[in-house]
């Protein structure tokens with residue numbers, strides 16, 4: 001049987017020492033039954049010849065899924081794992097669980113990250129990380145920026161394109177006329193998908209050519225925004241807000257991380273592209289904590305929390321910024337990742353490791369944040385986490 005067949009048709013069972021202590025009903029004493037939900041690259045729908053090679057970059061591998069499972073088993077839970085597809089309700093009916101650990105990016109659709117959570121809500125099944133609405137909003141970069149504008153949070157001026165011949169917003173046209181570049185990218189992608197060295201645009205003809213290409217290649221709207229010349233930083237957190245909107249006592253900010261472009265050859269694009277994120281991942285270097293003035297670091301953390309609050313996120317998130325070198329390092333919000341990567345080499349993991357966390361402890365912290373929010377946290381989880389919240 002192939003790996004693909006195994007991952008879709010059978011749960012990954014608990015194994016090792018953590019599988020021993022069970023009560024009379026088959027559950028570990030004090031533990032929960034947990035389903036880790038994932039989307040594997042190998043299970044993605046077949047691509048045609050016109051699909052860009054980076055289209056599946058956000059999807060997971062079985063190695064990462066096993067890492068998530070092992071981290072949760074270390075807390076004493078019974079863990080199975082399922083592909084997050086249309087068969088998921090049947091799988092969960094056949095293998096009842098108490099809660100799902102959601103990592104599903106989705107394969108297709110405008111709100112693909114929200115599809116599995118929508119199924120879980122229909123079934124009345126609790127799950128980790130943000131809910132359906134927050135995931136749908138934050139996957140859509142233009143919609144996220146509309147929310148940020150509503151709350152008065154700083155983000156580059158933008159326009160969403162549905163056709164290459166759409167009239168250009170006067171603010172952006174004025175910027176081009178002044179010789180100041182724009183930045184173009186797919187509206188609902190992550191992991192640098194669709195972001196390459198030619199995404200910085202300095203004239204309208206080239207802008208429309210690039211928009212036309214992205215519309216055809218990714219079959220979604222295209223975001224055009226002011227290009228912020230500056231430093232790339234990201235700030236992540238784990239935890240939640242109280243009902244009154246204030247941070248919970250154990251909401252935890254990870255150290256701010258900055259992309260170190262000095263390690264790349266001269267002429268490398270000065271932004272976090274697909275090439276840097278994926279093709280040159282082994283060469284990636286970050287500065288964590290980022291060498292920032294205290295007041296800038298404090299402002300990045302404040303804006304991270306305000307973005308988390310404005311978008312209705314839960315349990316975990318990461319916010320990406322550019323620090324404007326022409327405006328006293330003013331942090332400009334690019335996007336929020338409400339379902340940030342949790343692999344062993346993801347940005348959030350690197351931030352956690354910079355202050356001594358292990359990858360397993362990060363996974364456990366996200367899970368425990370959800371348990372606390374849902375009123376399901378038990379002494380077992382508090383003892384097993386070891387670091388942070």
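Each value in this text was obtained by applying a stated rule to the coordinates, not by laboratory testing. Only a predicted model underlies this, so the values are computations on that prediction, with no experimental measurement involved. In this analysis, Cβ positions are derived from the backbone assuming ideal geometry, glycine residues included, and neighbour counts consider all displayed protein chains.
Counting only Cα atoms, I'd like the Rg/Rh figure for the range 269-358, Kirkwood definition for Rh.
Numbers: Rg = 13.8 Å, Rh = 14.5 Å.
Rg divided by Rh gives 0.95.
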Angle, helix 112-123 long axis vs. longest principal axis of the chain, Cα atoms, 0 to 90°, nearest 10?
30 degrees
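Please report the antiparallel percentage of DSSP beta bridges with both residues in the chain, rounded to the nearest 5.
Counting DSSP beta bridges with both partners in the chain, the antiparallel share is about 75 percent.
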Compute the semi-axes of the equivalent ellipsoid of the range 190-247, taking the square root of 5 times each eigenvalue of the Cα gyration tensor, and list them largest first in whole Å.
33, 15, 11
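Could you give the length gained by full extension between residue 94 and residue 107, i.e. 0.36 nm per residue of separation minus their alpha carbon distance, to one decimal place?
Between residue 94 and residue 107, full extension yields 2.3 nm more.
Using a 10 Å cut-off around each Cβ, can you sort 108, 302, 131 from fewest to most neighbouring Cβ atoms? All intermediate terms of the calculation are to be shown ahead of the outcome.
On the way: 108 9, 302 13, 131 17.
In order of increasing Cβ crowding within 10 Å: 108, 302, 131.
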Connecting C-alpha atoms closer than 10 Å in a GNM of the chain, tell me which of 127, 284, 274 has the biggest fluctuation.
284
Anyone know which of 130, 257, 61 comes out most mobile in the 10 Å Cα GNM of the chain?
61
What do you get for Rg/Rh over the chain if you use C-alpha atoms and the Kirkwood form of Rh?
0.97
Highest-fluctuation residue, 179, 267, 356 considered, GNM on the chain with Cα pairs under 10 Å:
267
In vacuo Debye sum over C-alpha of the range 230-385, base-10 log of normalised intensity I(q)/I(0) at q = 0.17, 0.20 Å⁻¹, listed in q order, is -1.01, -1.32
Taking the simple approach of a point 7 Å from Cα along Cα-to-Cβ for both residue 202 and residue 376, what is their distance in nm?
5.4 nm
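Fewest to most neighbouring Cβ within 10 Å: what's the order for 171, 206, 91?
Ranked by crowding around the Cβ, least crowded first: 171, 206, 91.
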CD proxy, 222 nm, the chain: helix-only mean residue ellipticity via -39,500 (n - 2.57) per DSSP H run with n ≥ 4, per residue, nearest 500, stands at -9500 deg cm²/dmol
Here Rg/Rh (Cα, Kirkwood) for the range 163-214 equals 0.96
